[in-house]
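For reference, the structure is listed below as structure tokens.
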Amino acid sequence: MKKLLGLVCAVVLAVSANAARADYQTSYTATLNLGPENPVTNIMLLEAGQDFGSATWPFSVAGQGESTITNPFFWPVPITRALLLGIVTGLPNDGTPEQKHIVMFMDPTAAQLANHIAWGTLFRHTLEEDLIDAIELSTSGQDWPIIQPGLDFVGAFANGDAETGILGPGGVPHSAWVNTPGPLAVMTFSDGEIVGMGEAFVTFVPEPATLTLLALGGMLVTRARRRA
């Protein structure tokens, strides 16, 4: 009977591996204290895995309280890193209420290193207003050829200044990208202020065929045990 149980399990696992693929979905929670009148809009979600990268948009979250961003797409490989970039209009200490600012959902250690440091000091190769323009263009809903320059600019920042602009002890660069799963911080610029904390999640989502086969395997093993 032990040989039968082993054979049943082996067959179920082999069929599952060949018949269905497991996918991964990501979500990001954050609790912000910007204020109810300061939602974060035009959020672009940049994600990367092994030999894989993607950009998804647009999302928005409330300026106060807890919000969740869930990527509606499923990926066949685990997501290991992420960076979220958005825009907020007006901050509590702004002299001009209509001024726009970058918001980054980023690595907490990088956020501490960047706390109260101006954008231009951190990211010397990217003007904040140019990145705002690029995000607005990318999330404008226009045809791909029109938004492509915006996507290219956002990608260049994510793979350039966001990777190397924040310096740790000894001048060693510390990436703003979040390790997934893991904690994240939310930071507003131009002056670098931490306005929230949150968490990144990666969920393993078997396809329905996989779930059916696993359930079938459990039934077969249960019946075999009853006959033993």
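Bear in mind these aren't lab numbers, they're just calculated from the coordinates by the rules spelled out. Note that this is a predicted model, so its numbers are computed, not measured. Cβ placement follows ideal geometry from the backbone for every residue including glycine, while neighbour counts extend to all protein chains displayed.
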Once R0 is set to 22 Å, what does the formula 1/(1 + (r/R0)^6) return for the Cβ-Cβ distance between Asp133 and Val77, expressed as a FRET efficiency to the nearest 0.05? 0.10
Sort 152-160, 38-46 for me by packing, meaning the mean count of neighbouring Cβ atoms within 10 Å per residue, highest on top. 38-46, 152-160
Search the structure for amide H atoms under 5 Å from the amide H of Arg81, placed 1.01 Å from N in the peptide plane, and list their residues when 5 or more places away or on another chain. Ala48, Thr180
Descending packing, highest mean Cβ count within 10 Å first, for 134-140, 48-54 is 134-140, 48-54
Could you sort the peptides 77-87, 169-179 by per-residue average Cβ neighbour count (10 Å cutoff), highest mean leading? 77-87, 169-179
All Cα pairs of the stretch 24-205, percent lying beyond 31 Å: 9
May I ask you to evaluate 6.51 cos²θ - 1.76 cosθ + 1.60, the Karplus curve with θ = phi - 60°, for each residue of the stretch 66-76 and list the ³J(HN,Hα) values in order in whole Hz, giving x for glycine and proline? 8, 9, 10, 10, 10, 5, x, 9, 10, 10, x
